[in-house]
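The values are calculated or read from the model by the stated rules, or taken from the named source; none is laboratory data. All values reported here derive from a predicted model rather than from experimental measurement. Please note: Cβ atoms are built from the backbone with ideal geometry, for glycine as well, and neighbour counts cover all protein chains shown. Note: areas computed on protein heavy atoms with side chains; ligands, DNA, RNA excluded. Shrake-Rupley method; radii C 1.70, N 1.55, O 1.52, S 1.80 Å.
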Amino acid sequence: MTVPKRLFVKTYGCQMNVYDSARMTEVLAPIGYEPVSTPDEADMVILNTCHIREKAAEKVYSELGRLALLKRERAAEGRKFMVAVAGCVAQAEGEEVRRRAPVVDLVLGPQAYHRLPEMVTRVTRAGGGVVQTDFPVESKFDHLPEETLTGVEGRGISSFLTIQEGCDRFCTFCVVPYTRGAEVSRPVSEIEAEARRLVALGAREITLLGQNVNAYHGLLPDGSPASLAVLVERLATIDGLQRIRYTTSHPLDMREDLIAAHRDVEALMPFLHLPVQSGSDRILAAMNRRHTVDDYRRWIDKLRAARPDIALSSDFIVGYPGERETDFEATLALVDEIGFAQAYSFKYSARPGTPAAALPDQLADEVRTARLERLNDRLKSHMLAFNRGLVGRTVDVLFERVGRREAQLVGRTPYGQWVHVPAPRALIGVVTSVVIEDAALNSLSGRLASSIAPTADFFGARA
Ligand code: SAH
Ligand code: SF4
Ligand code: F3S
């Protein structure tokens with residue numbers, strides 16, 4: 001019999017790390033690890049890390065500093081405490097992680113999660129450390145147990161499902177092709193089976209994940225490749241699965257059949273995160289994005305023709321080496337032209353080993369910070385305008401959880417905004433018509449459109 005041990009996983013970075021954290025928790029369950037919600041309660045801590053910007057990577061080392069103190073306290077009590085670093089910092093830095101932070105027992109890259117039990121057992125039995133950052137030939141997906149967890153981030157009414165990993169695009173600023181390796185798509189039947197299991201666990205919405213998700217080209221059972229559009233069409237036939245989203249896409253892989261799916265597949269939500277990074281052709285070329293601003297405009301026009309209400313989202317990098325004021329102004333102009341419903345903006349961060357980090361004309365931090373502020377102001381005004389445009393409209397909301405206020409539920413619109421609504425608990429997991437009454441930058445509020453107002457009795461019976 002295994003003695004129960006307690007596991008705390010802290011996740012940094014993108015949704016793929018959120019997905020991976022759930023899978024790591026599942027892979028450790030058979031050897032007795034149960035999830036807890038703070039490091040203080042844990043016997044083992046996994047930091048699932050992100051290397052995308054310097055700040056993200058540095059956060060990990062300050063957390064490791066705190067964990068070193070905790071480990072010392074535990075040692076004084078004669079108790080074991082294991083620390084693992086997983087994710088993209090682990091992949092990028094390997095052995096270096098243990099040199100910089102000797103508190104770390106295990107270092108493992110994103111492709112090695114299925115080996116966690118064996119690594120943990122090795123450290124427990126023999127002591128010392130283990131580093132595993134090669135890209136194994138076998139796929140981790142063939143060795144991970146079936147999904148069982150619910151109620152953790154990325155596993156619930158709205159769940160994540162990784163369908164593609166790695167990236168072959170090599171944008172000059174980006175570490176992902178180095179930390180996640182070459183692009184690999186999972187087979188269609190494997191994804192369908194996982195989607196069905198997630199729905200059986202309660203998922204009503206699935207977000208398909210990949211670093212370059214619309215480059216998906218997994219195999220069908222007959223051995224022919226399926227595009228993301230084909231995969232989405234097949235998933236849309238799963239009973240109980242009401243909403244499908246996908247992220248993150250590269251504009252160059254935005255193919256006609258996927259654009260058409262936004263018109264034809266009802267379950268595919270009218271929202272698309274399509275990062276453009278910059279509104280300047282000169283900077284796009286320098287970044288190796290391999291398309292122009294005009295190309296981007298054309299894709300957006302096609303998407304809007306296919307699905308007129310589609311809400312658009314993007315990522316932006318400001319202060320790329322050599323970015324001039326005129327380049328930056330072109331980005332602001334594109335923002336005004338497209339009117340993004342959602343957007344993320346980042347100050348360029350030079351990453352070791354990437355081509356852009358070696359460029360001579362790195363911009364001063366003051367310039368990057370000032371541009372980031374200007375861009376943020378502009379993006380915020382568009383986000384707020386989009387949200388305000390929903391006021392007075394009736395939209396479908398998929399309720400995911402209870403809100404902070406009593407008798408309040410929180411769910412999302414088809415366009416991705418959170419909405420707070422007075423509603424009975426019984427509506428969790430149900431797509432419901434909601435009249436939007438108020439809008440702020442990060443959330444909306446509304447009331448149930450149905451004339452049957454929930455009564456106190458109703459709350460009492462179901463709560
Ligand atoms: N695969 C996605 C991006 C993953 S990284 C895509 O191609 O769009 C998420 C975002 O982080 C990127 O879109 C980019 O805007 C930002 N980013 C990546 N590298 C960065 C860097 N070195 N400095 C600042 N932001 C960066
Ligand atoms: Fe990075 Fe995305 Fe470019 Fe790939 S496509 S290199 S993940 S920014
Ligand atoms: Fe970060 Fe790795 Fe995701 S670098 S953004 S955790 S792919």
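Starting from segment 59-141, pick out the GluC sites (Glu not before Pro) whose DSSP state is loop and whose Cβ has at most 11 other Cβ atoms within 10 Å.
Details: sites: Glu63, Glu73, Glu77, Glu93, Glu95, Glu96, Glu118, Glu138; in loops: Glu77, Glu138.
Answer by residue number: Glu77, Glu138.
For the charge dipole of the chain, defined by +1 on Lys and Arg C-beta atoms and -1 on Asp and Glu C-beta atoms about the Cα centroid, which residue among Ser249, Thr179, Asn214 has the Cα displaced farthest towards the positive pole?
Thr179
Ignoring everything except DSSP H segments at least 4 long, calculate the 222 nm mean residue ellipticity for the chain; use -39,500 (n - 2.57) per segment, divide by total residues, nearest 500. Kindly include the intermediate steps, with their values, before the conclusion.
Values: 14 runs with 161 residues, N = 463.
Calculated mean residue ellipticity at 222 nm is -10500 deg cm²/dmol.
I want the antiparallel fraction of DSSP beta bridges within the chain, as a percent rounded to 5.
Numbers: 23 of 67 bridges.
Restricted to the chain, the bridges split so that about 35 percent are antiparallel.
Applying 1/(1 + (r/R0)^6) with R0 = 25 Å to the Cβ-Cβ distance of Arg374 and Ala305, what FRET efficiency is obtained, to the nearest 0.05?
Details: r = 32 Å, r/R0 = 1.26.
Using R0 = 25 Å, I get an efficiency of 0.20.
Please report, for the Cα atoms of the chain, the Rg to one decimal and the Dmax as a whole number; what are they, in angstrom?
Cα only, the chain: 23.0, 69 Å (Rg, Dmax).
Looking at segment 207-297, which trypsin sites (Lys or Arg not before Pro) are in a loop (DSSP not H, G, I, E or B) and have at most 16 other Cβ atoms within 10 Å? Don't jump to the answer; show the numbers that get you there.
On the way: sites: Arg234, Arg243, Arg245, Arg255, Arg263, Arg282, Arg289, Arg290, Arg297; in loops: Arg255, Arg289, Arg290.
Hits after loop and neighbour filter: Arg255, Arg290.
Going through segment 49-130, which trypsin sites (Lys or Arg not before Pro) have at most 16 other Cβ atoms within 10 Å and a DSSP loop state? Don't skip to the answer; put the middle values down first.
Numbers: sites: Arg53, Lys55, Lys59, Arg66, Lys71, Arg72, Arg74, Arg79, Lys80, Arg98, Arg99, Arg100, Arg115, Arg122, Arg125; in loops: Arg53, Arg79, Lys80.
For trypsin sites (Lys or Arg not before Pro) across segment 49-130 that sit outside H, G, I, E and B with at most 16 neighbouring Cβ atoms in 10 Å, the list reads Arg79, Lys80.
Pairing rule first: another cysteine's C-beta must sit under 4.7 Å. Under that rule, which cysteines of the chain stay single?
Cysteines lacking a close Cβ partner in the chain: Cys14, Cys50, Cys88, Cys167.
For Asp222 and Arg255, what is the calculated FRET efficiency with R₀ set at 30 Å and r taken between the beta-carbons, to the nearest 0.05? Present the calculation step by step, with values, prior to reporting the outcome.
Numbers: r = 21 Å, r/R0 = 0.69.
Once the sixth-power term is evaluated, E becomes 0.90.
Quick check for you: with a 1.4 Å probe and neighbouring chains kept, what is the accessible area per residue of the chain, in Å²? Don't skip to the end; give the middle numbers.
Numbers: 20170 Å² over 463 residues.
I get 44 Å² per residue for the chain.
Modelling each spin label as a point 7 Å along the Cα-to-Cβ direction, I'd like the Arg74/Glu96 distance in nm, to one decimal.
2.6
Among the listed pairs Lys10/Lys55; Lys10/Lys380; Lys347/Lys380; Lys10/Lys71, which have their C-alpha atoms separated by more than 20 angstrom in this model?
Check vs 20 Å cut-off fails for Lys10/Lys380.
Could you calculate the FRET efficiency of Gln362 with Arg290 from 1/(1 + (r/R0)^6), where r is the beta carbon distance between them and R0 is 25 Å, rounded to 0.05? Intermediate results must be reported in sequence, preceding the final value.
Working: r = 23 Å, r/R0 = 0.91.
Computed FRET efficiency for Gln362 and Arg290 comes out at 0.65.
Which value in Å is the Kirkwood Rh of segment 394-458 over different Cα pairs? Walk me through the numbers before you get to the answer.
Values: mean 1/r = 0.0871 Å⁻¹.
After inverting the mean inverse Cα-Cα distance, the result is 11.5 Å.
Summarise the accessible area of the chain (1.4 Å probe, protein heavy atoms) by the percent that is carbon and sulfur.
On the way: 10420 of 20170 Å².
Roughly 52 percent, rounded to a whole number.
If you place +1 on the Cβ of every Lys and Arg and -1 on the Cβ of every Asp and Glu, how big does the dipole about the Cα centre of the chain come out, in debye to the nearest 20?
Details: 57 positive and 60 negative charges, 192 e Å.
Its charge dipole is roughly 920 debye.
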